[in-house]
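Data first, discussion second: the structure below is written as structure tokens.
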Amino acid sequence: MVFSSLIFIFYFLPLTLAVYYGLPYRGRHLALTLLSYLFYGWANPLFVVLLLTSTSISYVCGLKIAGERLIPGLASSEVQNSDSVHPRHRKVWLAISVCASLSILGFFKYFNFALENYNALFGLLGLSEMRLDTVLRVTLPLGISFYTFQLLSYTIDVYRGQAKALHNFIDFACYISLFTQLVAGPIIRFREIADQMAHRTHTAEKFARGIAFVSLGLAKKVLLANPCGKIADVVFDAGSRGILDAWYGLVAYAFQIYFDFSAYSDMAIGLGLMLGFVFPKNFDSPYLSQSITEFWRRWHISLSAWLRDYLYLPLGGNRKGVWRTYINLTIVMLLGGLWHGASWNFIIWGGIHGGMLVWERAQGKNAFYRRMPKPCRVAMTFLIALIAWVFFRAADLTAALTYLGSLFGLATLQEGSGLLGGILYQPYYWGTFSLAAIIVWGFPQTWDWTRTIPLWKTVPIVIVLLVSLAVLMTQAYNPFIYFIF
């Protein structure tokens, strides 16, 4: 189930709000947990079993790290001080939690990738008898990358003393499975909402802002991301394409993935507000960035912060010399690319960004495009991001290299490639593409625009919501890119 679906908007969401506000506070977390499991298991009920298993392991490990006995007189959400637990035992339970979470993620996400590369390697070496011929193919559970990172951050924060372990399993299961951010983030660290799990306020202002977030997010998804995605699909799936068509399709994909993911984040934040939760900002006009370093401060902020705090800094960050800093940046971005998908294309995508981060740090203010006017710096950064998006979008490495050739006029055009224009440059698609560009570079973020909602903002919010619902009812093309990550 996705947010931009009729069954979610007209059935699941009203049911959730009615149940949530119809129950006393004590029963709300249990209700949200059960409803979130329903939401998550809609595509495949077996996914719920895996989620529950992962949740249970991290829950037990969190208690063991912090001390499993309650201190008399404390609230049920607080556990014994971790100082009473032997440091070695705490490390063991942390290791169990981390290894279990990563093992589950690794098996379900990378088994097929590892098997294919293993067989390919021995095929190249002429050792076909060493190939593993198996019919087993593992299905990727929805959102496993996102909730695995939340599980990891929880036990690591408990170990570091940055968060208190939850003693109530229902509260913990609610935090992990909360449908508002379960399958595509933002990646919410427990310490960010620990107080909200114990107590949060429900106000008309918060609920109204939540509706605004959901309405604008739905509009970004249905009215902008989907049409741009159609343009990108036509161009990337074509046997060949001209230079103009290639750039048009690539920029359309850049718009699609931004509006697709930022729309989901907006809706997640809005749904959280409607339930009393305040989630952090996840996008901040990334295509206005003047460097790749700045890009990663604006794009998928919750992931960037997670990689920094739980991977880059533990590796040593920038505290162990210049070259170690470069190595750490490269490792983080390569693993960040692999986190997005089990493919060499994603690793290359991460490598491009990692290489640019290293280059910008090495050059400092001497980087050639830092001396350009601001519009040129923005354009240069966007161009680099576009080249990297080719690897992110293309089906495989061969397709990516072929597409790069099309961008720079190096590909051979096949007969009929000129017919693409009959689809791509229709007024609807060209108009949507142009509107997307205007919003990307000329409009404020939803987070900032909805801080206050006077009457003059209410009218356009209602209009775009009604238009989005009308279009959604007639739109057969409604993919969600990050749903498979």
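The values are calculated or read from the model by the stated rules, or taken from the named source; none is laboratory data. Given the structure is predicted, the values throughout are model-derived calculations rather than measurements. For neighbour counting, all protein chains shown are included, and Cβ atoms are generated from backbone atoms with ideal geometry for every residue, glycine included.
Some values worked out for this structure:
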| quantity | calculated |
| --- | --- |
| In the stretch 415-458, residue farthest from residue 207 (Cα to Cα) [restricted to those that are over 23 Å from the mean Cα position of the chain (by Cα) and of a type in the set (Ser, Thr, Tyr)] | 417 |
| Unmet requirement for residue 159, which otherwise passes all of (1) more than 26 Å from the chain's Cα centre (by Cα); (2) touching a residue at least 24 places away in the same chain (Cβ under 8 Å) | (1) |
| Residue within the stretch 70-77 that is at pLDDT below 95, in contact with a Leu (Cβ under 9 Å, 6 or more places away or on another chain), surrounded by 14 or more Cβ atoms within 10 Å (Cβ to Cβ) and over 30 Å from residue 465 (Cα atoms) present | yes |
| Selection within the stretch 312-337 - closer than 21 Å to residue 184 by Cα and either surrounded by fewer than 18 Cβ atoms within 10 Å (Cβ to Cβ) or touching a residue at least 40 places away in the same chain (Cβ under 8 Å) (or both) | 335 |
| Subset of the stretch 26-67 [assigned to a loop (DSSP other than H, G, I, E, B) and in contact with a Leu (Cβ under 7 Å, 6 or more places away or on another chain)] | 43 |
| Filter pass, residue 165 being out of contact with any helix residue (DSSP H, G or I) (no Cβ under 8 Å at 6 or more places or on another chain) and over 20 Å from residue 336 (Cβ atoms) | no |
| Residue that is of a type in the set (Phe, Trp, Tyr) and either part of a helix (DSSP H, G or I) or surrounded by fewer than 19 Cβ atoms within 10 Å (Cβ to Cβ) (or both), where the choices are 236, 283, 279 | 236 |
| Cβ-Cβ under 8 Å pairs, at least 6 apart or on other chains, the stretch 116-140 side hydroxyl-bearing (Ser, Thr, Tyr), far side surrounded by 12 or more Cβ atoms within 10 Å (Cβ to Cβ) | 118/131; 128/122; 134/115; 139/44; 139/108 |
| Qualifying residue in the stretch 162-173 (condition: at pLDDT 90 or above and within 22 Å of the chain's Cα centre (by Cα)) | yes |
| Qualifying positions in the stretch 1-20 - free of Cβ contacts under 8 Å to residues at least 40 places away in the same chain and exposed (fewer than 13 other Cβ atoms within 10 Å of the Cβ) | 7, 10, 11, 14, 15, 18 |
| Criterion violated by residue 473 - all others in (1) touching a residue at least 40 places away in the same chain (Cβ under 8 Å); (2) surrounded by 11 or more Cβ atoms within 10 Å (Cβ to Cβ); (3) assigned to a helix (DSSP H, G or I); (4) not polar (S, T, N, Q) satisfied | (2) |
| First in the stretch 451-466 and not assigned by TED's automatic domain parsing to the domain that holds residue 212, second anywhere and surrounded by 10 or more Cβ atoms within 10 Å (Cβ to Cβ), Cβ under 8 Å, 6 or more apart | none |
| Neighbours by Cβ (under 8 Å, 6+ apart or cross-chain): first from the stretch 427-440, over 14 Å from residue 226 (Cβ atoms); second of a type in the set (Ser, Thr, Tyr) | 440/258; 440/285; 440/287 |
